[in-house]
1. Over what distance in Å are the Cα centres of the range 145-201 and the range 10-74 separated?
2. In nanometres, what is the gap between the two model label sites at residue 241 and residue 15, each 7 Å from Cα along Cα-to-Cβ?
3. Using per-residue counts of other Cβ atoms within 10 Å, averaged over each peptide, order 126-138, 46-58 from highest down.
4. Need the full-extension length gain, residue 98 to residue 128, defined as separation in residues times 0.36 nm minus the C-alpha distance. One decimal, nm.
5. Compare the peptides 231-239, 154-162, 190-198 by average per-residue count of other Cβ atoms within 10 angstrom and give them in order, highest first.
6. Just to be sure I understand: of the beta bridges DSSP finds with both ends in the chain, what percent are antiparallel, rounded to 5?
7. Just need the relative contact order of the range 71-196 here, percent rounded to a whole number, with Cα pairs under 8 Å and 6+ apart.
8. Want the number for residue 228 to residue 139: 0.36 nm per residue separation, take away the alpha-carbon distance, what's left?
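What follows is calculated from the coordinates using simple rules that are stated; it is not laboratory data. These numbers come from a predicted model, not from an experiment. A quick note on method: Cβ atoms are made from the backbone with ideal geometry, for glycine too, and the neighbour counts reach across all protein chains shown.
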Ligand SMILES: Nc1ncnc2c1ncn2[C@@H]1O[C@H](COP(=O)(O)OP(=O)(O)OP(=O)(O)O)[C@@H](O)[C@H]1O
């Protein structure tokens with residue numbers, strides 16, 4: 001299970017992290033010199049132009065890749081691979097169509113050898129949390145895109161990870177569903193107090209969800225802006241005048257990073 005938290009250690013730390021991909025075309029430097037210390041309960045949103053290494057950063061934290069340079073630690077322990085202390089949600093929910101919604105949410109718990117009753121109870125609790133308890137017996141192909149993504153969130157939360165990593169989780173949804181999902185996620189996070197690392201292209205989404213926003217430069221990605229914000233803690237962040245100001249600041253940083261003049 002999760003490593004014992006080091007007293008005082010940040011939930012997540014990247015020190016001097018760089019990553020190169022090696023392919024037939026040669027070496028692609030994707031990330032360079034990334035230093036980041038994320039406190040427990042922080043909602044870090046990473047934005048940046050296409051190809052700036054956002055997904056790479058998330059994959060390094062998830063443990064899908066080892067960094068070419070530097071170190072990634074969670075609760076003070078080096079990341080050596082994927083683990084139950086980090087839940088991951090992708091843009092396309094990778095659910096098993098032959099299993100029920102409940103069995104999908106239970107899947108990781110079953111793999112970890114948890115007893116049937118316990119995993120069932122836990123999975124049901126997560127489905128309740130995302131408002132899908134009444135779909136437990138349905139197949140995932142019977143659900144809408146937004147519902148499927150909620151199942152993926154419930155599945156990521158089921159092992160009770162300290163950190164949840166989300167890579168453009170609402171990118172494939174229509175605008176209205178996306179806005180509703182952002183609201184639900186913000187409420188869910190206020191309830192659970194989890195540490196969140198969230199990747200997006202959408203500056204509005206970043207400002208709405210992020211208690212901290214990091215902007216990456218064009219390839220190789222480096223941090224060009226690191227801003228904290230209390231907006232997501234307000235009842236209606238979008239109605240606050242600071243929302244527009246912050247959106248302008250982040251938009252400008254992303255445009256500059258992409259080499260686009262305002
Ligand atoms: N498996 C891979 N092999 C080779 N190069 C890769 C691989 N994955 C990513 N890259 C390259 O690394 C760079 C960073 O990619 P990454 O997907 O992390 O960026 P991103 O900011 O998430 O992009 P986008 O916003 O378009 O999803 C890109 O130039 C990409 O082409």
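1. Answer, in whole Å: 20.
2. Result for the modelled spin labels: 4.4 nm.
3. Going by the mean number of other Cβ atoms within 10 Å, highest first, we get 46-58, 126-138.
4. 8.6 nm
5. Peptide ranking by packing, descending: 154-162, 190-198, 231-239.
6. On the way: 22 of 40 bridges.
Antiparallel bridges make up about 55 percent of those DSSP assigns within the chain.
7. This gives 35 percent for the range 71-196.
8. Full-extension gain reported as 28.0 nm.
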